[in-house]
Amino acid sequence: MTKARQHKIGSGFGFHSTADEVLAGIDLSGKLAIVTGGYSGLGLATTRALAKAGAHVVVPARRPSLAREATDAEVDELDLADQASVRAFADRFLASGRRIDIMVNSAGIMAAPETRVGPGWELQFATNHLGHFALVNRLRPAFTDHTRVVSVSSSGHQVAGIRWDDPHFTREPYDRWLAYGQSKTANVLFAVQLDALGVKSFAVHPGRILTELARHVSKEEQLANGWIDEHGNIVDPLFKSPEQGAATQVWAATAPQLSLRGGLYLEDCDVAELTDSDAMESGVRDYAVDPDAAARLWTLSEELTGVDA
Ligand SMILES: NC(=O)c1ccc[n+]([C@@H]2O[C@H](COP(=O)([O-])OP(=O)(O)OC[C@H]3O[C@@H](n4cnc5c(N)ncnc54)[C@H](OP(=O)(O)O)[C@@H]3O)[C@@H](O)[C@H]2O)c1
């Protein structure tokens with residue numbers, strides 16, 4: 001059971017570790033990695049670190065021209081909020097006949113204003129969860145027995161579980177933070193069920209890093225939260241650099257220490273403990289690693305996307 005295994009293992013890495021430090025001594029030559037969102041923030045730091053360790057990295061991008069400016073990695077077009085785009089990307093990749101060793105699902109949006117996509121889906125659930133659900137399952141024919149899939153979740157999952165009766169906020173008023181929290185819980189449950197189905201999978205909280213993710217959080221709100229000062233400088237001591245923020249997802253994707261583990265929520269380059277604290281800091285909520293909820297979300301996601309997973 002995932003819940004019983006949510007305990008620190010003493011990895012030797014921690015809060016301050018960087019992606020390069022985690023990869024020291026690991027040779028990824030000949031390996032292929034797909035990093036969604038691999039052209040900004042934590043995804044870009046992940047792309048750079050994996051490429052430096054020898055991997056060939058493919059970056060599916062909503063804005064390919066921006067991605068080509070940001071990285072030397074292979075770039076292709078993908079809009080996670082558009083299921084036709086997800087299918088087209090997966091078909092192109094599968095047609096190339098290549099295998100996937102590592103998949104890091106780092107793309108995401110946070111606290112976006114109420115927006116509907118596809119058949120009326122709420123944008124954060126559609127992008128952060130349903131897009132990745134369809135992408136991974138469509139790409140599964142290219143997985144090997146050793147493929148690892150990493151879902152970049154967040155401590156924000158602690159704000160909300162899955163709103164089973166109203167995932168798209170059609171009955172109750174939209175709340176941009178509840179919608180983000182739900183989508184990040186979905187990222188964890190996805191990893192739990194994917195692992196249960198035989199694909200080694202982890203969910204991670206990267207830490208707090210000031211990136212473009214905060215584009216929907218006003219300067220006033222960032223000031224009020226104590227993230228920045230009036231000049232825009234980061235003042236919160238709990239913030240990490242992007243290279244530190246990428247460390248846990250890179251660790252999840254490659255660490256030999258995790259070769260016999262899976263279906264777990266990780267943070268600070270270690271397995272996280274369960275929490276029911278209101279402090280909203282470290283740990284994973286019980287409802288996010290519940291196997292029954294993971295199976296239920298899988299079925300719901302299959303029904304919504306029409307992807308036979
Ligand atoms: N930064 C933090 O403090 C923090 C904390 C906890 C969890 N996280 C998680 O970490 C992940 C990465 O965040 P970040 O800080 O690196 O943010 P970021 O710098 O904004 O990067 C997010 C990436 O996702 C892409 N993306 C957004 N919508 C997309 C779509 N519809 N289709 C394809 N790509 C799309 C963005 O592309 P465009 O620029 O083209 O939109 C961008 O490349 C997110 O899942 C976030 O929830 C971050």
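Quick note: the coordinates plus some simple rules give every number you see, no bench work behind them. Everything numeric in this text was worked out from a predicted model, so none of it was measured. Ideal geometry is used to build each Cβ from the backbone, glycine not excepted, and the neighbour counts take in all protein chains shown.
Observations on the model:
- Against the numbered list (1) buried (at least 22 other Cβ atoms within 10 Å of the Cβ); (2) of a type outside the set (A, V, I, L, M, F, W, C); (3) in contact with a strand residue (DSSP E or B) (Cβ under 6 Å, 6 or more places away or on another chain), residue 8 comes up short only at (1).
- Residue check, residue 106 surrounded by 23 or more Cβ atoms within 10 Å (Cβ to Cβ) and of a type in the set (S, T, N, Q): yes
- Filtered residues of segment 194-253 (kept if away from the ligand (no atom under 14 Å from the Cβ), touching a Leu at 6+ places or on another chain (Cβ under 8 Å) and in a loop (DSSP other than H, G, I, E, B)): 229, 230
- Hits in segment 254-277 - residues which are within 16 Å of the ligand (Cβ to nearest atom), aliphatic (A, V, I, L, M) and within 18 Å of residue 148 (Cα to Cα): 266
- Yes/no for residue 187 being closer than 16 Å to residue 301 by Cα and either hydroxyl-bearing (Ser, Thr, Tyr) or within 16 Å of the ligand (Cβ to nearest atom) (or both): yes
- Among the residues listed as 145, 166, 82, the single one being without any contact (Cβ under 8 Å) to a residue 24 or more places away in the chain, over 15 Å from the mean Cα position of the chain (by Cα) and more than 28 Å from residue 274 (Cα to Cα): 145
- Taking segment 142-156 as the range and being away from the ligand (no atom under 16 Å from the Cβ) and more than 19 Å from residue 96 (Cβ to Cβ) as the test, the residues that pass are 145, 146, 148.
- Per the listing 135, 94, 78, 139, the residue uniquely surrounded by fewer than 16 Cβ atoms within 10 Å (Cβ to Cβ) and in contact with a Leu (Cβ under 9 Å, 6 or more places away or on another chain) is 94.
- For segment 133-153, the criterion of being in contact with a strand residue (DSSP E or B) (Cβ under 6 Å, 6 or more places away or on another chain) and farther than 27 Å from residue 267 by Cβ is met by at least one residue.
- When each of 161, 118, 131 is tested for being farther than 20 Å from residue 305 by Cβ, in contact (Cβ under 8 Å) with a residue 24 or more places away in the chain and not aliphatic (A, V, I, L, M), the lone residue that passes is 161.
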